[in-house]
Amino acid sequence: MKKKWIIYSLIIVILLSIFLYFYFMSNKISATKVTKENYTEKILVTGTIQAKNFSLLTSGINGTIENIYIREGEPIKKGDIIAKLDTQEIEADINQAKALYEKAKFDLATVNTVNFESAKSQLSSSQINYNIAKNEFLDYQNLFKKKYISKLDYDLKKQAFINAENTLKNAQLNLKTLETGGSTNKSFLESVKSAENALISLQKNLSKYYIYAPYDGFITTRNVEVGQTVAPYTNMFEVSSNNEKVVSIDLDEKYTNRIHLGSPIKIYPYADTSKFSLGKLYYTSNNVDNTAGTLEIRGNIETILPEFLFNSTVNSIIEGQTFKNSILLQGVYIIQKKNKTYVYILKNNKSKLVEIEGTPVIDGFIVTKGLENGDVVLSPKNITDNIRVTPSFDS
């Protein structure tokens, strides 16, 4: 009987030992001790190497493409003609406008010539009449002094002389005006000016039928073909300069308020972290692409690596928002419940669920409220609130 009780006691001790072993072992929880510090968010994105000068060349008018002189990938010089629309109709209008302009000038010159010759003839005739009237007046003046004629006859001859003198002065003034100021025919002058303005306007419009290179570079994309009809503002060509390269990034709109002009950026060749170049953001678009939910941003590149080919893909890290006196936690410690964020901390050797505030980032979660320096944060795996635990810190 005594031997039987001894066996029972040993079994109880063994079972109790097993229970205690697994009890304490099951509550040995991975943990980390947190420290507040200033943390700058790192935003990991992909980008594309582009030229700093990048333009969309569009049509300014309706027309049909007559010729394309430079193809995509080919180099261009500033002012080169890339393409030409059909100019047959406008060139006919220009020729007609030139003819009208030349006719208006001819008509004006003809009028000026006729008027000038007429004025000279009028002056010559007025001079002759003036000389005759003057001589007759002087003769009548002598006769009147000798009382050979009446005062009425004298006054009539005097008035004829005054009229001839005024006619001569007007003829002289008219000829002088023609010599110094051209034709006085205002309608002919206006016709010349109107024809000239119409010709200049058509000649200016002619330039819209040509697509010119805005700077030295190359054509990256061609969106049209010869014979195609285009409307105003049709995107015909995309061109890039060949001097300075930048990185173009479509950034998730959630980061819009966490970057700014001048934010530092690191650019890595795709799938290669052994080398990189530094840069800074210099452009952010004002509009979010509602379809993709992205915002276009661009950064300069201080050192152009050989791997940074045009249109090649690169990885980039942008320095985002800086959080002062904050704590960076790995995502495995975070619990999300009903739009709130929690963690377990060690309190009096037991687990305690506490609410925290902060921001999720690419490499974890930034805690700005809810934790203090030295707090021990527990892994939430296989634990609940208010149970005894033993923290296990990673070495």
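The values are calculated or read from the model by the stated rules, or taken from the named source; none is laboratory data. Note that this is a predicted model, so its numbers are computed, not measured. Reconstructed Cβ throughout: ideal geometry from the backbone, glycine too, with neighbour counts over all protein chains shown. The area values use the complete protein model at the heavy-atom level, side chains included, leaving out ligands, DNA and RNA. Shrake-Rupley method; radii C 1.70, N 1.55, O 1.52, S 1.80 Å.
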Notebook entry, point to check: Could you count how many residues in segment 92-121 are at pLDDT below 80 and more than 13 Å from residue 191 (Cα to Cα)?
Noted result: 11
Margin query: List pairs: first residue in segment 159-173 and part of a helix (DSSP H, G or I), second residue exposed (fewer than 13 other Cβ atoms within 10 Å of the Cβ) and of a type in the set (Gly, Ala, Ser) anywhere in the structure, Cβ distance under 9 angstrom, at least six positions apart or on different chains.
Written below: 171/124
Notebook entry, point to check: From the list 35, 87, 64, which one is modelled with pLDDT of 85 or more, within 30 Å of residue 258 (Cα to Cα) and either out of contact with any strand residue (DSSP E or B) (no Cβ under 7 Å at 6 or more places or on another chain) or surrounded by fewer than 15 Cβ atoms within 10 Å (Cβ to Cβ) (or both)?
Noted result: 35
Note to self: I'd like the full set of residues that are among the hydroxyl-bearing types (Ser, Thr, Tyr) and over 17 Å from residue 334 (Cα atoms), limited to segment 378-394.
What the structure shows: 390, 392
Item checked: Every residue from segment 277-292 that is part of a strand (DSSP E or B) and among the hydrophobic types (A, V, I, L, M, F, W, C) -> 278, 281, 288
Note to self: Here is a check on your reading of the model: is residue 224 of a type in the set (A, V, I, L, M, F, W, C) and not in a loop (DSSP other than H, G, I, E, B)?
What the structure shows: no
Note to self: Of the residues 288, 332, only one is among the β-branched types (Val, Ile, Thr), under 23 Å from the mean Cα position of the chain (by Cα) and at pLDDT below 95; which?
What the structure shows: 288
Next item on the list: Determine whether residue 318 is crowded, with 19+ Cβ neighbours inside 10 Å and either touching a residue at least 24 places away in the same chain (Cβ under 8 Å) or within 39 Å of the chain's Cα centre (by Cα) (or both).
Entry: yes
Item checked: Enumerated strands (runs of 3 or more DSSP E) restricted to segment 293-395, each holding at least 1 residues that are under 30 Å from residue 270 (Cα atoms) -> 294-300, 313-329, 350-361, 364-369
Check: Do you know which residues across segment 189-232 are among the acidic types (Asp, Glu), at pLDDT below 90 and open to solvent by 60 Å² or more (accessible area, probe 1.4 Å)?
Finding: 190, 216
Next item on the list: Find the residue count for segment 348-395, including only residues that are open to solvent by 30 Å² or more (accessible area, probe 1.4 Å), farther than 16 Å from residue 337 by Cα and β-branched (Val, Ile, Thr).
Entry: 4
Notebook entry, point to check: Any idea which residue in segment 128-141 is farthest from the chain's Cα centre (by Cα), counting only those that are open to solvent by 70 Å² or more (accessible area, probe 1.4 Å) and in contact (Cβ under 8 Å) with a residue 24 or more places away in the chain?
Noted result: 136
Margin query: Just to verify a result, which residue in segment 233-276, among those that are assigned to a strand (DSSP E or B), of a type in the set (Asp, Glu) and within 30 Å of residue 211 (Cβ to Cβ), is least open to solvent (accessible area, probe 1.4 Å)?
Written below: 238
Checklist line | Residues that are of a type in the set (Gly, Ala, Ser), at pLDDT 90 or above and surrounded by fewer than 18 Cβ atoms within 10 Å (Cβ to Cβ), drawn from segment 67-84 | finding: 79
